[in-house]
Amino acid sequence: MNKFHLAFKVKDIESTYQFYHEILQCKIGRQTKDWIDFDFFGHQLSAHISKKIDPLDYCGKVDNISVPIPHFGCILKFKEFESVKSKLKMHNIQFVVNPQIRYKGTYGEQHTMFVLDFSNNPIEFKSFKNEKEIF
């Protein structure tokens, strides 16, 4: 599998480090005073400090639920999904979309949940019942 890279805006390195490393337990890559890289479940996230972070837009409608656009996330095995959910709950991270099953009993059935990092970036975690139905 090819690795994915995403560079995104954050308000500061300290809270970003706390969310991605301390809560989600992502390994740290390279960093400077202005940006920090994380191993986000095998993919490279580069968090860059910005003074202009756009407001959220809940324009996405998925299975009759409004979701923030843009967002990023990760497709996990079910055990990983449950582990991430537990970490988020343990640290009292509020869910933007509560953990739930989407498309239950149909093609593409998946567990999903959305949270915001400490810079207000929406992140979706999902786990498909059948990985052959991702696309």
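The values are calculated or read from the model by the stated rules, or taken from the named source; none is laboratory data. All values derive from a computational prediction rather than experimental measurement. Every residue, glycine among them, receives a Cβ derived from its backbone with ideal geometry; neighbour counts consider all protein chains shown.
Is it fair to say S15 is free of Cβ contacts under 8 Å to residues at least 40 places away in the same chain and not in a loop (DSSP other than H, G, I, E, B)? Judged against the criteria, S15 is not a match. Enumerate the pairs (first residue in the stretch 95-108 and over 15 Å from F135 (Cβ atoms); second residue anywhere and at pLDDT 95 or above and not in a strand (DSSP E or B)) with beta-carbon separation below 7 Å, excluding pairs fewer than 6 apart on the same chain, so at least 6 apart or on different chains. Short answer, once both residue conditions are applied: P99/K85; I101/E109.
Screening G29 with (1) of a type in the set (G, A, S); (2) in contact with a strand residue (DSSP E or B) (Cβ under 7 Å, 6 or more places away or on another chain); (3) closer than 17 Å to F118 by Cα gives one miss only, at (3).
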